[in-house]
Amino acid sequence: MIILSVEDVRKTYVGGETPVEAVRGVSLSLAAGDFVALMGPSGCGKSSLLHLCGAMDRPTAGRLRIETADLAQLNDDQLTKLRRERIGFVFQFFNLLPTLTVRENITLPVLLAGGDVTAAERRAGELAERVGLTHRLRHYPQQLSGGEMQRAAMARAIIHEPALLIADEPTGNLDSENGARVLNLLGELNRELQLTILLATHGAETAAAAQRIIRMRDGKIASVETTSAIEEPTPRAFV
Amino acid sequence: MRLFRQFIWRHLAQEKLRSCATVLGIALGVAVVLAIQMTNASSVRGFEKAIETVAGKTSLEIVGAGAGFDELLIKDLGWLRTYGQVSPVIEGDAEITLADKRSESLRVLGVDILRDRSLRDYQLRANAETQTASARQFLQLLSDARSVILTEKFTRKHKLNIGQTVELTFADKAEPYTVRGVLKDEGPARTMDGNFALLDLASAQWAFHRLGRIDRLDVRLKDAAQLAAAERAIAERLPAGLRVQRPARRGSQVEKMLAAFHFNLTALSYIALLVGLFLIYNTVSISVITRRAEIGTLRALGATRGTVLALFLAEALALAVIGCSLGLLFGRVLSFGAVKLTATTVNALYIAAAAEPPPLAWQHVWIAFGLGLPLSLLAAAVPALEAARVAPTAAMRGSDHLISRFRLRARYVVLPLCLLAAAWWFARQPAVNGLPAFGYASALAIVFGAAFLVPAVLFALGRLGDKPLFRLFKIEGRLANANLAGAIPRISISVAALAVSLSMMTAIAVMIGSFRETVVYWVNQTLVADLYLRPATRHNVATDAVFSPEVERIVSAHPAVAAADRFRNFDIAYGGGLVTLGTGEFAKQEAHGHLLFKAPTGAEAGKAAIRSCIGQDAVIVSESFALKYATQVGDVISLTTPQGDRTFRIAAVYYDYSSDRGIIVMDRGTFTKYFGEPQATSLTVYLRPGADADAVREDLLRQFGSNYRVLIYTNASIRQEVLRIFDSTFAITYALEVIAIFVAILGVATTLLTLILERKREIAVLRLVGADRRQVRKMVVIEAGLMGAVSQSVGAGVGLLLSLVLIYVINVQSFGWTIQFRVPWGFLAQSSLLILLATALSGLYPARRASQLQTAEEVVEE
Amino acid sequence: MRIPQVQSGRVWRVLWPVALLAVLLAGGARLSSRAADEEWRVAQPPYAFEAVRDRVSHPDYRVEWWSYHGRLTAKDGRTFGYQLKFIRVGVNFKPENPSRWAVRDLYVTQLAVTDVNGQQFRHAERINRAGVSWAGAEAERFHLWNEDWDATENATGEQVLRALADDCGLELTLASGGEPISHGADGVVQKGVLPVNATHFYSQTRLPTRGAITFNQQQFEVSGTSWLDHEFGTTFLENGQRGWDQLALQLDDGTDLLLYQSRNDDSPHGLESFATLTADSGNTSLAAEEFTLTPLTQWNSPASGAQYPVMWRAQSPGQNLDLTIRAVVAEQELRAGETTGLTVWSGLVEVSGTRQGRAVRGWGWLEMTGYAGGEMLLAN
């Protein structure tokens, strides 16, 4: 089952004096359970592509489908609906809401979608346990370490059981140990829940966690390689 | 300077909305203060100016103990000649009926023109050409009893010609007068903007029913430099019952009389300014907080702390300068409204004043800038100092979006409590010079206490608000609550500002509500007579218009009239100010009246007290008199009578809400003994049982015919009239408050907007995790509403406290009235709802801005 | 004026029977005159003066004045002329307004002092309504006042004048002098062609005077002689009348001379002009055609612009009289534009000439009205 289908997508920003072509005809496809890493130097267009794939933005040209939805056909509200039901996000800076507790942060997507509170909180509890944050549920983000924040963000990203997880440099702000734990977790989720993941990163180490690595340069796909080096989950990941 | 242009000016230009809101806030604050200044000035200045223009070259005036003095006393004042020119004067207000049946008020001066020309500048135009008439020719124009000279301005305006007949109403009587000449717009002709009429002394005496009496003697000293010496020397030689004073004295007496009223208005006007200053503080702190990184960069690049401090002070200054300039203009505009709103009160309760604010003068520019700029700088100093403390490393640290969570420290509770304790202490201090200075200190302490309490209240809300809000508004409620809880240090100021305004609003509403109910009760209890009569030109107690004997005769002879209490009052000097001395017929009052007595208590005891005054040197005084001059039943007060100083025992203190200046009432017999036979200024008529008041009123009016102009109120209409005056008195109060609240809500809106711009990333995250625009909007509007709700609850709570201070301290000290405390629940509920709605509405624009934020870039691009 | 004079005075004795008749007729005249001139009484012949009655005020008549003037000398030889003139002008015979301040009469008082040696002239003027006894003229006893200027009678029957202004003043006691001289015919002086324009007019001359004159804050003890003109009735300028010149002269041969000249449009010496010459032989009334008054030297007043003849020649061939009259100081103009609006020339003059072929000298008072334009008579 194809979760994400990108066909000759272009994205041009007309912000400044000269239009910037960030994505220049990219095609790729993610099936359910795929774990793909986007690699490339700054300005290669991977962030723009990621935004497009995360339904944050619409392509200038080309076709972009997430499951059955064609992004070009959707208005802002429909994009929002799509995001909150089918996509999860993990960011470099965690982007937890500082004014909400960990539990509140995790339940946010469900509640925004109008979901049931009790169910959401039960699920948040389970996920917290899963990512090892049970004792942190009542805490505020700023009381957490970077790794903990990112794990909380991951719990938030999957609470509504999305079809696609967009991860933008999820380890960029973490030390190597915490980075490894996060990557482990991603791998686990990918395997256990058949979660489709699109991850953008600078680091080869991080990219290595994926099944496929897509390298980008100047808005185009430069190369695609398949890795077999998928790390095994280690019990150490759960402390 | 360049740095300022680049760093501050461009920023201000970018943040147009916030800059505009701040400027508007300051402008309104300054405008309100200015408008009230001008309004107050207009009433006192109007009066003083009238005194001045009428006074001319008068250096001293000799006045009596009562309403004028016996003219025969002048016989023995020939020695005054050695000091200078002496001219007897009758002054009063009359009405002129114009061709279109409208009438206008005229200030009337009755003088002996033979003498008066050396005191005042009269330029006569007796025919088409200007002429310099001799005093004798001038006199010939006026010697006929029905002659009048009007001003050029007035005759031009109303197209009147010399020789034409006009109808003038003096006191209660309308008579035709012939315009015998026209005064050029010089000297006294400029009085009341040309609404001035010159009469011969004799005609004026006759017309005003003041035969045998003179209002005062104006003296122009030969040697004006010897004013003080002459004043002393004259004072020594004057017989008992006469005293000498400078004309300006009347102005200062009026000023003193109006002082409490003006003081209260001024105090109220400063609230708007205070709130405007909150805005400045707010704006500068926001700009400091949101630009920490930039400040850090500046510092890293070599800007000193002083430079940074100067930059942000300059920001405040820039805003303040624009704000004050606009405020100057707004103030002028507002003053017209304010004068209109206060004119009724001032005219009804105090003096006939000009109904125009003074033109803008340097002094107003000085008030606007002298007040606005330093205070703005002061308000900006705190955040600017904070900016100066920003370390250069702030630039490098990147984001410090994760502000440390607000911690409830002891000082957030202790400080407000200390202030409330101070308020308690202040409230128990006596008045200073008749002004409730400590009362206001107390109110101020309460207000600041409330302001400092706001963080704690917000904290409590953050803690306890989640569940109910979640239940009420779903996840948006939770988010809003969490957002506010996270931004306590930032929103406290705005919420406090709004809370302060609202507390004043509440306090004033409670005070006025209580006052009104008290007055309604008093009116219902004491105004029991069937008809109340006054001469048509008697617009306030200061207008000394008395009834024609014919009117009194018609009234008392009417078969349906059981009793007509002839009441007379006028101003007398007492304790450095003016009080009202009244006289009525105590026997009739005892038989028919229903005064409410404060002491002795009980209707029977009161009646006994009234009875005890008859034939005695005893008086009853109003509550405000008793409070103002710290007197009570049994005390003896000394009054200057035409026969010298005499003492009177206070037999009773009665409740009165008609005048705040203090009233002394004595029986007609006692009055006659010392002041001479009084002429009535009002008639209180009790009808025989079964008589129809309206029918009697019609019948009396018919009997008076068209010549007598008498206003007759029935019982119902006098009650309405009392309440009309009451309500108009407080119209200005509400207007001022509404402005303050508007400014405060402006503060809430700008704060929210800032918070949103600052939380761009968080909102973007929200959007990413699935919040749609509607939800974001809802969240922001709830935040706004929450701020309003907190402000209103703090405001209402503190307002009730304040109202206690207003009613039991400030009111008692400045007006001397007993007010029964009542909480106007209806009003409170209504205003709470309104405030909630208004603040929520003020959140609409920030909400729109929030929902329009672009999602992706904010989150991802760092 | 001493009471015994009433009996001893020749004029009064002669006129006594006429006076009785006049009183009877006056009642009728009064009634008939009311309609003509409000309610003011009109001077009608015959009229006999009576000492007490006629020295005091006559409030029924519209205009009345007492004009004192004289020539006084200080011990150091300094010579002063003075004038103190109390004028009452009726405004409203019976004011409708009961106020004390209602104007029935106006009281104008003029004070003027001439310093002959210093060639200086000072004057002051007061105008008042009666009000609360600010000014008045009593009808029961002799008392004229305008604030603190007054003319009263002391215990010995002498007239006491007191008036002090900023830069001139006087306090004089006037003893009785010669007999009162009544002017005109039958006690009436006709001032115009209209019958109502007539006054009763008498003079008292050669009143021995002593007292003090204040001039420019300096006081001088003085003595000399005064002259009183007391006139009451109705007098105003009719159409065609421009003004008048009046001379009151005391010659060193004992002759008193009053010359009145009405200047009319058609003649500088109108028909109303008259003169009264009093000598030992008695009073002689001269009609207009029996004397002439010729202006000789003109003086221009820089202040008012008026041109006054300050030197005159008076001639009466019938009386063998030829006098030259010269103002001792040219500038004796009373300007009262502010108060009464009148500007007149009124001052001390010297006289020299011949009478009955003998050289005579003397002094006198000259009053000239109607030269400065504007109003000339208070009653107009």
Practice prompt. List every residue pair whose Cβ atoms sit under 7 Å apart, with the two residues 6 or more apart in sequence or on different chains, where the first one lies in segment A:154-169 and is closer than 19 Å to A:PRO141 by Cα and within 11 Å of another protein chain (Cβ to nearest Cβ) and the second, anywhere, is basic (Lys, Arg) and surrounded by fewer than 24 Cβ atoms within 10 Å (Cβ to Cβ).
Written response: A:ILE159/A:ARG123
Worksheet item: For B:ASP466, are the conditions met, namely being at pLDDT below 80 and not aliphatic (A, V, I, L, M)?
Response: no
Fill in: Considering residues of segment B:498-521 that are within 30 Å of B:ALA564 (Cβ to Cβ) and open to solvent by less than 20 Å² (accessible area, probe 1.4 Å) only, the residue farthest from the chain's Cα centre (by Cα)
B:THR518
Worksheet item: Just one of the numbered conditions (1) within 17 Å of the chain's Cα centre (by Cα); (2) open to solvent by less than 10 Å² (accessible area, probe 1.4 Å); (3) not aliphatic (A, V, I, L, M) is not true of C:TRP145; which one?
Response: (2)
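Given the condition touching a strand residue (DSSP E or B) at 6+ places or on another chain (Cβ under 6 Å), outside the structural domain of B:ALA545 (by TED's automatic domain parsing) and closer than 21 Å to B:GLN679 by Cα, answer yes or no: does some residue in segment B:192-203 qualify? If you could, list the steps in order and put the result at the bottom.
As a first pass, look at segment B:192-203 and keep what is touching a strand residue (DSSP E or B) at 6+ places or on another chain (Cβ under 6 Å): B:192, B:194-199, B:201.
Then drop every residue that is not outside the structural domain of B:ALA545 (by TED's automatic domain parsing), which leaves B:192, B:194-199, B:201.
Keeping just the survivors that are closer than 21 Å to B:GLN679 by Cα gives B:201.
Yes, there is a match, as at least one residue in segment B:192-203 is touching a strand residue (DSSP E or B) at 6+ places or on another chain (Cβ under 6 Å), outside the structural domain of B:ALA545 (by TED's automatic domain parsing) and closer than 21 Å to B:GLN679 by Cα.
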Worksheet item: Which of the following residues is more than 14 Å from every other protein chain (Cβ to nearest Cβ) and touching a helix residue (DSSP H, G or I) at 6+ places or on another chain (Cβ under 9 Å): C:SER352, C:SER281, C:SER316?
Response: C:SER316
Item to complete: Give the residue, chosen from B:PHE459, B:PHE438, that is outside the structural domain of B:ILE289 (by TED's automatic domain parsing), open to solvent by 40 Å² or more (accessible area, probe 1.4 Å) and within 22 Å of the chain's Cα centre (by Cα).
Response: B:PHE438
Worksheet entry | In segment B:681-690, residue nearest to B:PRO535 (Cα to Cα) [restricted to those that are open to solvent by less than 40 Å² (accessible area, probe 1.4 Å) and modelled with pLDDT of 90 or more] | B:LEU683
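Output the residue which, of all residues in segment B:698-708 that are within 15 Å of B:ASP172 (Cβ to Cβ) and not in a loop (DSSP other than H, G, I, E, B), is farthest from the chain's Cα centre (by Cα).
Residues of segment B:698-708 that are within 15 Å of B:ASP172 (Cβ to Cβ), as a first pass: B:700-701, B:703-708.
Among the residues that remain, those that are also not in a loop (DSSP other than H, G, I, E, B) are: B:700-701, B:703-704, B:708.
Numbers: B:LEU700: 38, B:LEU701: 36, B:GLN703: 41, B:PHE704: 38, B:TYR708: 34 Å.
Applying the filter and picking the extreme gives B:GLN703.
Can you name every one of the strands (runs of 3 or more DSSP E) wholly within segment C:93-168 that holds 2 or more residues which are closer than 28 Å to B:PHE208 by Cα?
On the way: elements: C:105-115, C:120-129, C:135-137, C:143-146, C:149-153, C:159-164.
Fully inside segment C:93-168 and qualifying: C:105-115, C:120-129, C:135-137.
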Fill in: The one condition in (1) in contact with a Pro (Cβ under 8 Å, 6 or more places away or on another chain); (2) surrounded by 22 or more Cβ atoms within 10 Å (Cβ to Cβ); (3) assigned to a helix (DSSP H, G or I); (4) not aromatic (Phe, Trp, Tyr) that B:THR672 fails to fulfil
(2)
Response to the item:
Only unsatisfied item for B:TYR655, checking (1) closer than 22 Å to B:ALA260 by Cα; (2) open to solvent by less than 20 Å² (accessible area, probe 1.4 Å); (3) of a type outside the set (A, V, I, L, M, F, W, C), is (2)
Item to complete: Would you point out the residue of segment B:266-280, among those that are surrounded by fewer than 23 Cβ atoms within 10 Å (Cβ to Cβ) and either of a type in the set (Gly, Ala, Ser) or modelled with pLDDT under 75 (or both), that is farthest from B:GLY25 (Cα to Cα)?
Response: B:ALA267
Practice prompt. Specify the residue that is nearest to the other protein chains (Cβ to nearest Cβ); the eligible residues are those in segment A:170-181 that are open to solvent by 30 Å² or more (accessible area, probe 1.4 Å) and part of a helix (DSSP H, G or I).
Written response: A:ASN178
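Looking at B:LEU217, B:LEU199, which one is among the hydrophobic types (A, V, I, L, M, F, W, C), surrounded by 22 or more Cβ atoms within 10 Å (Cβ to Cβ) and closer than 16 Å to B:LEU80 by Cα?
Numbers: B:LEU199 fails: closer than 16 Å to B:LEU80 by Cα.
Matching residue, one of B:LEU217, B:LEU199: B:LEU217.
Which one of B:ARG232, B:ARG210, B:ARG190, B:ARG180 is assigned to a strand (DSSP E or B) and open to solvent by 10 Å² or more (accessible area, probe 1.4 Å)?
Numbers: B:ARG232 fails: assigned to a strand (DSSP E or B); B:ARG210 fails: assigned to a strand (DSSP E or B); B:ARG190 fails: assigned to a strand (DSSP E or B).
The unique qualifying residue is B:ARG180.
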Worksheet item: Of the residues that make up segment B:471-484, is at least one within 14 Å of another protein chain (Cβ to nearest Cβ) and not in a helix (DSSP H, G or I)?
Response: no
Fill in: Residues of segment B:129-150 that turn out to be surrounded by 23 or more Cβ atoms within 10 Å (Cβ to Cβ), touching a Lys or Arg at 6+ places or on another chain (Cβ under 8 Å) and not in a helix (DSSP H, G or I), as a count
2
Item to complete: Scan segment B:746-786 residue by residue and report those that are more than 10 Å from chain A (Cβ to nearest Cβ) and among the acidic types (Asp, Glu).
Response: B:GLU758, B:GLU783
Worksheet item: In segment B:711-760, what residues are of a type in the set (Lys, Arg), touching a residue at least 24 places away in the same chain (Cβ under 8 Å) and open to solvent by 30 Å² or more (accessible area, probe 1.4 Å)?
Response: B:ARG719, B:LYS760
Worksheet item: When you look at B:LYS607, is it touching a residue at least 24 places away in the same chain (Cβ under 8 Å) and open to solvent by 40 Å² or more (accessible area, probe 1.4 Å), yes or no?
Response: no
Worksheet item: Got a number for residues in segment A:144-153 being within 12 Å of chain B (Cβ to nearest Cβ) and buried (at least 22 other Cβ atoms within 10 Å of the Cβ)?
Response: 2
Practice prompt. Hey, could you check segment A:122-143 for residues that are part of a helix (DSSP H, G or I) and within 10 Å of chain B (Cβ to nearest Cβ) and say which is least open to solvent (accessible area, probe 1.4 Å)?
Written response: A:PRO141
Worksheet item: In segment C:91-104, is there at least one residue being crowded, with 20+ Cβ neighbours inside 10 Å, charged (D, E, K, R) and under 23 Å from the mean Cα position of the chain (by Cα)?
Response: no
Discussion item. Can you confirm whether C:ARG126 is under 28 Å from C:GLN217 (Cβ atoms), open to solvent by 30 Å² or more (accessible area, probe 1.4 Å) and away from chain B (no Cβ under 13 Å)?
Written reply: no
Worksheet, complete the sentence: Taking segment B:54-84 and keeping residues of a type outside the set (A, V, I, L, M) and away from every other protein chain (no Cβ under 11 Å) leaves B:GLY56, B:LYS57, B:THR58, B:SER59, B:GLU61, B:GLY64, B:GLY66, B:GLY68, B:PHE69, B:TYR83, B:GLY84
Discussion item. Take the residues in segment B:109-136 that are modelled with pLDDT of 80 or more and polar (S, T, N, Q); name whichever of them is farthest from C:THR109 (Cα to Cα).
Written reply: B:GLN123
Worksheet item: Using beta carbons and a limit of 7 Å, which pairs, at least six apart or on different chains, have the first residue in segment B:658-685 and of a type in the set (Asp, Glu) and the second one surrounded by fewer than 24 Cβ atoms within 10 Å (Cβ to Cβ) and not in a loop (DSSP other than H, G, I, E, B)?
Response: B:ASP660/B:ALA260
Practice prompt. Residue by residue through segment C:165-183, note down the ones that are surrounded by 21 or more Cβ atoms within 10 Å (Cβ to Cβ) and of a type in the set (Gly, Ala, Ser).
Written response: C:GLY169, C:SER182
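The values are calculated or read from the model by the stated rules, or taken from the named source; none is laboratory data. Note that the structure is a prediction, hence the values are computed from the model and not measured. FYI the Cβ positions are ideal-geometry reconstructions off the backbone, even for glycines, and counts take in every protein chain you see. SASA here: full protein model, heavy atoms, side chains in, ligands and nucleic acids out. Shrake-Rupley method; radii C 1.70, N 1.55, O 1.52, S 1.80 Å.
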